[in-house]
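A.B. asks: Let me give you the structure first, and then I'll get to my questions.
Just so it is clear, none of the values below were taken in a lab; they were calculated from the coordinates. On a predicted model such as this, the values are computed, not experimentally measured, just so you know. All Cβ positions, glycine included, derive from the backbone under ideal geometry; neighbour counts span all protein chains shown.
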Amino acid sequence: MDKFKNLRGTFDILPSQLVKWQNIENIIKIQLSRSFVKEIRTPILEMTELFTRGIGENTDVVSKEMYTFKDRGDRSCTLRPEGTASVVRALINNGLSVKPQQKLWYMGPMFRYERPQAGRQRQFHQFGVEFIGYKSYRSDVEIISLAWDILQRLGIKHLNLEINSLGNTNDRKNYQQAFTKFLDKNYSSLDSDSQKRVNKNPMRILDTKNKDTIQILKEAPILVDFLCDESLERYCQIKEQLKFLKIPFEENYKLVRGLDYYTHTAFEITSGALGSQATVCGGGRYDNLIKLMGGNETPAIGFAIGLERLIILAGKEYENDRLVDVYLVSKGSSAENYAIQLTRKLRKLNIITELDTSGTSFSKQFKKANKLNAKSVIVIGEEEATKKEFLIRLFNDQYKENKEKRISFDDDYELVKWLKTNLREDL
Ligand code: ATP
Ligand code: MG
């Protein structure tokens, strides 16, 4: 029979790889809890309309990347391609959008029908943060520094933070008018992808990877020249604060999030080490989205980090698994029963314990302990079982007689003492 294959662009994450994932996720979660950001979990499956409206019909994500299908009730459903729209929906549905301020995070799989390549999958994972109800420029600075500090804490080097301001709705409109005029004038020289965007989503052309179009755009009007005094002041305050915090950044006037509801700050963190899929974090302010989706007018800002790309960037130090503290070797029926009982006791004591249930020869069991790099072994043979005791000893090259100890089954005091002295001071 043919073997089943996973769908293109989806991957298994195997136990050996998951060590790195879990170590990194733990650090992120600790950092978030210190920042008093609370987790929110929303369904992976949503009504399609949430995304067409929440992300925008003319975006790449909605126009060509969504996993959409009809369910048995003939409703159009979509596997979430990003997290923000769902978070906003959840807040509105649960009456939370009227709560003045909330800092939220989410983590989980996202789905986009893209051409699979390095750093681009069809099922991938994002972790994101949303500050809901925050208006001050200081919240922009806080959220940028939050993203930056998480990446720093993970020891990721050579990161570039790029920022831009899209201004308020009016600034954007003015810019878009001028920019569209410029595009119309240069229409015939644009690449065909960009030509298609002129009427649908012109701002996204700023994001083009086409070399000729990039050349033409050098002459294009610049967003920052269209900011009103207030928007410009806001943008300058953010830059000043980032300098004050010694967070290095570059201004990129072409950095846009091509959707109508984005306002003011847009930012991205990239790494040269990622090749052509260089962006690890993308974020921005979306003061108009919550209202657009039927909630109260609520300012907000957020970012999302691609976990696969983060895992590529993070160092080997996160790949180390915890070793087995105790490998339990036993032979003979009553010995094996005692072994299970002792295993449970050790696990209760927070000792990483592996129980050998193979019933094979002691030498074979020791070989397995060796393979696992176990820190210590406990041996229960028939003789030990009769005496109601076990033998515990360190399991390494510098095996010393005096580290070996016989302890009676009921003598928890001696057991803990031995473990504390020889294995785990933290007990
Ligand atoms: P890109 O320019 O790489 O297509 P994007 O603008 O579509 O990025 P966002 O929607 O801002 O990406 O998503 C935030 C982050 O999620 C990205 O910076 C990236 O790290 C990650 N990401 C997005 N799409 C994928 C994908 N198909 N596979 C893996 N990671 C992804
Ligand atoms: Mg994309």
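A.B. asks: Considering the chain, what Rg and Dmax in Å follow from its alpha-carbon atoms?
C.D. replies: Over the chain's Cα set, Rg and Dmax evaluate to 28.5, 94 Å.
A.B. asks: Is the C-alpha gyration tensor of the range 327-427 telling us rounded, prolate or oblate? Criteria: a/c under 1.5 is rounded; beyond that, a/b larger than b/c is prolate, otherwise oblate.
C.D. replies: Taking the square roots of the gyration eigenvalues as a ≥ b ≥ c, the range 327-427 is rounded.
A.B. asks: May I ask you to derive the FRET efficiency for residue 77 and residue 413 from their Cβ-Cβ distance with R0 = 60 Å, giving the value to the nearest 0.05?
C.D. replies: Working from the Cβ atoms, E equals 0.50.
A.B. asks: Still on this structure, I have one more. For residue 334 and residue 373 in one chain, what is 0.36 nm times their gap in residues minus the Cα-Cα distance, to one decimal in nm?
C.D. replies: 11.4 nm
A.B. asks: Using θ = phi - 60° and the Karplus curve 6.51 cos²θ - 1.76 cosθ + 1.60, what whole-Hz ³J(HN,Hα) does each residue of the range 387-393 get, with Gly and Pro shown as x?
C.D. replies: Rounded to whole hertz, the list is 7, 6, 8, 9, 10, 10, 8.
A.B. asks: I've got another one for you. If you take the Cα atoms of the range 66-214, find Rg, then find the Kirkwood Rh from the mean of 1/r over all pairs, what is Rg/Rh?
C.D. replies: Computed over Cα atoms, the ratio is 1.00.
A.B. asks: Could I ask something else about it? What size of dipole, in debye to the nearest 20, comes out for the chain about its Cα centre when the only charges are +1 on Lys and Arg C-beta atoms and -1 on Asp and Glu C-beta atoms?
C.D. replies: Dipole of the chain, to the nearest 20 debye: 560 debye.
A.B. asks: Taking Cα centroids, how far is the range 12-60 from the range 324-363 in Å?
C.D. replies: 38 Å
A.B. asks: Separate question: What are the ³J(HN,Hα) couplings of the range 165-178, residue after residue, when phi is run through the Karplus curve with 6.51, -1.76, 1.60 and θ = phi - 60°? Round to Hz, x for glycine and proline.
C.D. replies: Karplus-based 3J(HN,Hα) across the range 165-178 equals 10, 9, x, 7, 4, 5, 4, 4, 4, 4, 5, 4, 4, 5 Hz.
A.B. asks: If you don't mind, there's one more thing I want to ask. State log₁₀ I(q)/I(0) for the range 221-271 at q = 0.23, 0.25 Å⁻¹ as given by the Debye formula over alpha-carbon point scatterers of equal weight, solvent excluded.
C.D. replies: For the requested q values the scattering log ratios are -1.05, -1.19.
A.B. asks: Using alpha carbons only, how many angstrom separate the centre of the range 203-269 from the centre of the range 180-198?
C.D. replies: 20 Å
A.B. asks: Put a dot 7 Å past each Cα toward the Cβ at residue 219 and residue 57; how far apart are the dots in nm?
C.D. replies: 3.3 nm
A.B. asks: Still on this structure, I have one more. Between residue 357 and residue 14, what FRET efficiency follows from the Cβ-Cβ distance if R0 is 22 Å, with the result rounded to 0.05?
C.D. replies: 0.40
A.B. asks: Mind listing the Cα extents of the range 80-119 along all three principal axes, in Å, largest one first?
C.D. replies: Its Cα atoms span 42, 17, 11 Å along the three principal axes.
A.B. asks: Could you give the angle, 0 to 90 degrees to the nearest 10, between helix 229-244's Cα long axis and the longest principal axis of the Cα atoms of the chain?
C.D. replies: Roughly 30 degrees, rounded to the nearest 10.
A.B. asks: Moving on. With a point put 7 Å past each Cα toward its Cβ, work out how far residue 35 is from residue 276 in nm, to one decimal.
C.D. replies: About 3.2 nm separates the two model spin labels.
A.B. asks: OK, next. Taking only the alpha-carbon positions of the range 233-383 and ignoring solvent, what does the Debye formula give for the base-10 log of I(q)/I(0) at q = 0.09, 0.18 Å⁻¹?
C.D. replies: With one equal scatterer per Cα and no solvent, log10 I(q)/I(0) is -0.60, -1.09.
A.B. asks: Still on this structure: For residue 49 and residue 239, FRET efficiency with R0 = 35 Å and r from the beta-carbon atoms, rounded to 0.05?
C.D. replies: 0.40
A.B. asks: Using θ = phi - 60° and the Karplus curve 6.51 cos²θ - 1.76 cosθ + 1.60, what whole-Hz ³J(HN,Hα) does each residue of the range 38-51 get, with Gly and Pro shown as x?
C.D. replies: 9, 6, 10, 10, 10, x, 6, 9, 9, 5, 3, 4, 4, 7
A.B. asks: OK, next. Please give, to one decimal in nm, the separation of the simple spin-label points placed at residue 212 and residue 136, each 7 Å out from Cα toward the Cβ.
C.D. replies: 5.1 nm
A.B. asks: A further question on this structure: To check my understanding: the extent here is largest minus smallest coordinate of the Cα atoms along each principal axis. What are those three numbers for the range 175-315, in Å, largest first?
C.D. replies: 45, 39, 33
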